[in-house]
1. Does D:Ala139 satisfy the criteria of being touching a helix residue (DSSP H, G or I) at 6+ places or on another chain (Cβ under 7 Å) and of a type in the set (A, V, I, L, M, F, W, C)?
2. Among the residues of region D:113-136, which ones are farther than 25 Å from B:Leu28 by Cβ and either among the β-branched types (Val, Ile, Thr) or within 7 Å of another protein chain (Cβ to nearest Cβ) (or both)?
3. Can you name the residue in region C:209-225 that is out of contact with any strand residue (DSSP E or B) (no Cβ under 9 Å at 6 or more places or on another chain) and assigned to a helix (DSSP H, G or I) and, of all such residues, is nearest to the other protein chains (Cβ to nearest Cβ)?
4. Please pick out the residue among D:Ile171, D:Ile200 that is modelled with pLDDT of 95 or more, touching a strand residue (DSSP E or B) at 6+ places or on another chain (Cβ under 6 Å) and either within 12 Å of ligand 2 (Cβ to nearest atom) or more than 17 Å from D:Ala55 (Cα to Cα) (or both).
5. Please determine whether any residue of region B:52-63 is within 28 Å of D:Val70 (Cβ to Cβ), in contact with a strand residue (DSSP E or B) (Cβ under 9 Å, 6 or more places away or on another chain), free of Cβ contacts under 8 Å to residues at least 12 places away in the same chain and in a helix (DSSP H, G or I).
6. For C:Asp145, work out the one condition from (1) farther than 16 Å from A:Ile55 by Cβ; (2) surrounded by 24 or more Cβ atoms within 10 Å (Cβ to Cβ) it doesn't fulfil.
7. Among the listed residues B:Leu243, B:Leu254, B:Leu282, B:Leu302, which satisfies the condition of being within 19 Å of B:Gly197 (Cβ to Cβ), at pLDDT 95 or above and either within 13 Å of chain A (Cβ to nearest Cβ) or in contact with a strand residue (DSSP E or B) (Cβ under 6 Å, 6 or more places away or on another chain) (or both)?
8. I'd like to know if region D:139-148 contains one or more residues that are more than 16 Å from ligand 1 (Cβ to nearest atom), more than 20 Å from the chain's Cα centre (by Cα) and in a strand (DSSP E or B).
Amino acid sequence: MGERLRMREAARRALDDEMAADGDVVVLGEDVAVAGGPFKVTDGLLDKYGERRVIDTPISEAGFLGAAVGAAGTGLRPVVEIMFIEFIGVAFDQLITEAAKVRYLSRGQVGCPMVVRATVGAGLGFGCQHSQILDGWFRGTPGIKVCIPADSASMYGLLRAAIRDDDPVVFLEHKAMYGDRGAVEVGEAGIMEIGRGAVVEGGSDVTVVGSGLTVGIARKAADAGPSMEVIDLRTLVPWDSELVLESVSRTGRLVTVEEGPYSGGWGAEVVAHVAAQLHGQLKAPSLRITSPDVPIPFAGALEERYLPTVQLVADQVAQLVTTDAAVAPWWQTEVLA
Amino acid sequence: MGERLRMREAARRALDDEMAADGDVVVLGEDVAVAGGPFKVTDGLLDKYGERRVIDTPISEAGFLGAAVGAAGTGLRPVVEIMFIEFIGVAFDQLITEAAKVRYLSRGQVGCPMVVRATVGAGLGFGCQHSQILDGWFRGTPGIKVCIPADSASMYGLLRAAIRDDDPVVFLEHKAMYGDRGAVEVGEAGIMEIGRGAVVEGGSDVTVVGSGLTVGIARKAADAGPSMEVIDLRTLVPWDSELVLESVSRTGRLVTVEEGPYSGGWGAEVVAHVAAQLHGQLKAPSLRITSPDVPIPFAGALEERYLPTVQLVADQVAQLVTTDAAVAPWWQTEVLA
Amino acid sequence: MSAPSAVERRQTLHAERRELLVRGIEIRATEERIQELFNDGLVRGSTHLCIGQEAVSLGIAREARPSDLVVATYRGHGIALALGVTPVAVMGEILGRVVGCAGGNGGSMHLSDMSVGLYPTSAIVGSGIPTAAGAALTAHVRGTDDAAIAIFGDGAANIGAFHEGLNLAAIKQLPVVFVCENNLYGEYSRQNLTTAVDDIASRAASYSMPGVVVDGQDVDTVAAATAEALARARAGDGPTLLEMKTYRYRGHSRSDAATYRPDGELEQWQQRDPLAILEARLVEEGVIAADERGAIEAQVGEAVEAAAQEALASPEPRLKAMFEHIVAGDAG
Amino acid sequence: MSAPSAVERRQTLHAERRELLVRGIEIRATEERIQELFNDGLVRGSTHLCIGQEAVSLGIAREARPSDLVVATYRGHGIALALGVTPVAVMGEILGRVVGCAGGNGGSMHLSDMSVGLYPTSAIVGSGIPTAAGAALTAHVRGTDDAAIAIFGDGAANIGAFHEGLNLAAIKQLPVVFVCENNLYGEYSRQNLTTAVDDIASRAASYSMPGVVVDGQDVDTVAAATAEALARARAGDGPTLLEMKTYRYRGHSRSDAATYRPDGELEQWQQRDPLAILEARLVEEGVIAADERGAIEAQVGEAVEAAAQEALASPEPRLKAMFEHIVAGDAG
Ligand SMILES: Cc1ncc(C[n+]2csc(CCOP(=O)(O)OP(=O)(O)O)c2C)c(N)n1
Ligand SMILES: Cc1ncc(C[n+]2csc(CCOP(=O)(O)OP(=O)(O)O)c2C)c(N)n1
Ligand SMILES: [Mg+2]
Ligand SMILES: [Mg+2]
């Protein structure tokens, strides 16, 4: 099916196709126009759509994300690029307290069809202010959706869906994955539904739920050991509880694999929901494999261990399926020296 | 034991006692000095400690919260007042990306002994930008602690502890509770330990965990029906997992009662942890009683239903204990008209 | 005869000079009535009255088109009424009734009516400044000659969003007018205690845009300055910062007695009451008779009272409303 | 003879005029070496070099006391070295080794050494501006005559924290010096494309504080302006905004080739190279011989190379380090 594109290219193609389809779609952010974006995702869009629709901004995230809210409320469909997700910290009010609530507090008079694209993720040595996932910042905010693609197809399919969505969507792009290639069904048929996950590996012993980078980790871990059903959540808010419940009701075991810290992760949400819905039907305690509750270390050897590794996932899942007993996080069992 | 103080007075007394004990404690925020604070918590401190230590600021939360970080890094112990928790949205970077990480990224050279006091909570008709709890904003941030007192004693005891703590503490004060009276042990003996919850009602059928306003709701609900052990979490980050596990291992049932929305709440964290640790030992599916995933409505009739009521908690807990089956949130079962 | 709609009320304000005074009297009477409702325990939460500042709202509404977007604040009852929103819709919202302009979802701090260009007012200081720049961006991208107007307080001139919004608008030459409604106080703090300049308009220099100090007590001066700034905006010449010097007669909110104000300050400002200035001007112009104000007040007073009664008679929203309009698709 | 500590290196810079040039040459040589390490794949993430801007760091370090707090940015290698942090500690941190100033926790963007007053540099544009105001608040509360210095870029002058930090410092008359290191670009954007004024110093007027444009290529000019601003601060006369006009010879970070710069711009700035200006001055003053620079460069080059080798030989942090210093009490 389709073309093989890098995730970066899939994102660019999605932007391009939506901009071509709808003159109200505009792109704005720091160095997105002339320079083609710090991660080169928006490269070429300026030439094609001109400076009214592809807009370089000053370093002022509250200013331009806030402006996007006003533009979205008056008819445009802005796609805002935030270079690193952490920078939403300086524009948090505009997203959480303004964009997410304007539809409700105007009883539907005004909406906010805006996409906030931001790079996320560790692994590249950017240090503790440029490497987080931070999906937790958005979870308790009714009115906001959160997508995180795990491959080129979902980068394309979800980004087009996000742009068409009539509400604010936070779109998390893993910076370590921009170069990854995958098949993409371009065009309308490739557009995905927000809120739907997908089973990306079938299996029978355990359901392993990942998102973004951890989907690939889980898939690789599934190569050996117990029979793992791997689910790519794709959308973190709202997450596809039906898909997960259906799978876990078959496999009887649940493992979530997250790049973020143990506390405040989406894994707790999934585990708590499954615990309530499938009480008494689980063969084993649900297991959350996450990063530890620490700021992301810079040094390579540490950052490598910060992220869940394929080996760790394989080992912990095997242990869970073998023992059906609680598996502790590695930092509680490993001797730290 | 001790004096009977309103929660507002307990907070003021805690500030006063710490300011008297330590000349490095300063208070800053909008209208905290001359006007004595929009909620009158800091009333009288200016006269006693002078304008160098009790500081009115311009409307610029990023500016003065950020300044508190720098002051904390150079020897002061600033207590920042944020009038409504939502306003942290304009200072989010300074708290989450700066304050919480400075100790780690300097390998302990600099700390940030700062308290950020903010009013939280619904029930008073302040609308969707002035009524939230928002503890979820802080959960996935290693380096930050979060306290939420449920009575005058813990207001006093936790606030003094927070000021003495060497790390940033977010201190959530429920604006609808400022007038509530309760006994306070003033002085050193009244200081509490951050990270410890407390069993505030003993019981045997079910463990009901609350925080802030919902502790009182749970206690009232416990007056009738099954035998409820009520836990006041007091600190949301880090939360007292030992206390909860010990209780649930006795009662066999867990209910969390939260004021915030269903998604992203601390209840999921508690339920997920208990599910993993006490797998196979629970008599019933764990139940999260929360507010719905909606912006907080202004109209009185709706805001009243937004918050979990005593009746709702009593009914749902009774149903859980009677049936040992999953209890759905009210908005999924009630006919909405 | 059914009551005029917001759009019709706006047209009247544009068409009839006398209506400026009528509307000004309506704003004041409505605010007074809201205070009574509050005192009677019928208004939940908070209210922020604009009594004394009516000329700013009137002058802006006089010049803006319904297709221009106005982004104001929690102190927004006056601009809402000036733009045309009916007293029933305003008081209904403040009472949390279905007849309110947002059906009771928003409350006093969050009035809105997109039919007359009133974007939902926000209760976060300064947040609307970038919003207005964004609405101007829409006009810029689409090539229309609509403009946006941000209205905010003197206190808001110290928050980051002010700086970022003005710089962005300046660098992109967006069609937006920034109106700082300087009533001398932010909550309980006088401007000089929080703001390192005397004239907020002087901060326009940091963005190479015109900054103009305007007499905010005189509707005509406000209207003229607004018209000029809007013309610049529509012509593609970029944003303007207008500082309207005015004063709020009441406290910041609710039951604030405003004891922090120096003796005599209020009285001095009351000598230049915006409604009195307007009344005198209209008498001079022959638009109204010398003794007409009393009659207008009586008539408006009745209408406002009727509106209050209609709002009070309106039901609270049904439970279902809590789950509507959170995202598109769950519409009511 | 053990290598001098950061504090000793700072003292030398204060005591010996010649050391200014030695340190400037060290900064440049270290930056060059870091670029090589990066090219060799030994540096993870990003690096932001300050080659061409050395005079700003040197002039500030010349005038600040170790008890003053300096809050700088991710483009912070130069100021770190100037303040005294050793090349080993700088390169060690950038390589993520235990010998680094933060033991490898921070990386290139987060250098720190409180022994010489270097607060951990932040990688969030503008965030350090309020931090510095806060350090000044400490001096103010405690009644010491220490001061704080915020160093930030031209791009940072457009972000909210700049506005809020300057206004707060001005209204409280805090002892802080705001140094805008204007190297003409924020990432790939030239100042005129993002900033609605030509001279960022002019924005000081918005805070009623002195704003001074300074030749950032001349150490002595930088030092004089810094000294004057520090004196004002220490005397209780409040903050100052200094704009240092300078230029970065390299791209924004890593492998940015800076193709967005107009032809000849770099070359023009290189004609006023800060090290060349300083060298000429010292020769003129008789502090160094006319042909001495080569020898200094050779000597410094060797020392920097030795430091690089020492950093490379240093181990990566042990796993336990990941769990240390998150909150007080879990110290390593
Ligand atoms: C970010 C933020 N900080 C603080 C507040 C609390 N607050 C509400 S109104 C107000 C005063 C605003 O003063 P000004 O901008 O002069 O407007 P005015 O109320 O005088 O119209 C403050 C501090 C807020 N709503 N938002
Ligand atoms: C809030 C924020 N937005 C964007 C960035 C990405 N960023 C890093 S450096 C930089 C350019 C800053 O320019 P300037 O302030 O002139 O400093 P310089 O790099 O030239 O020293 C940008 C946009 C950031 N780190 N923080
Ligand atoms: Mg004001
Ligand atoms: Mg620059």
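The values are calculated or read from the model by the stated rules, or taken from the named source; none is laboratory data. Computed from a predicted structure; not experimentally measured. In this analysis, Cβ positions are derived from the backbone assuming ideal geometry, glycine residues included, and neighbour counts consider all displayed protein chains.
1. Working: touching a helix residue (DSSP H, G or I) at 6+ places or on another chain (Cβ under 7 Å): no; of a type in the set (A, V, I, L, M, F, W, C): yes.
Here the answer is no, as D:Ala139 does not meet what is asked.
2. D:Val116, D:Ala123
3. Only one residue fits best here, namely C:Ala223.
4. D:Ile200
5. no
6. The failed condition is (2).
7. B:Leu254
8. no
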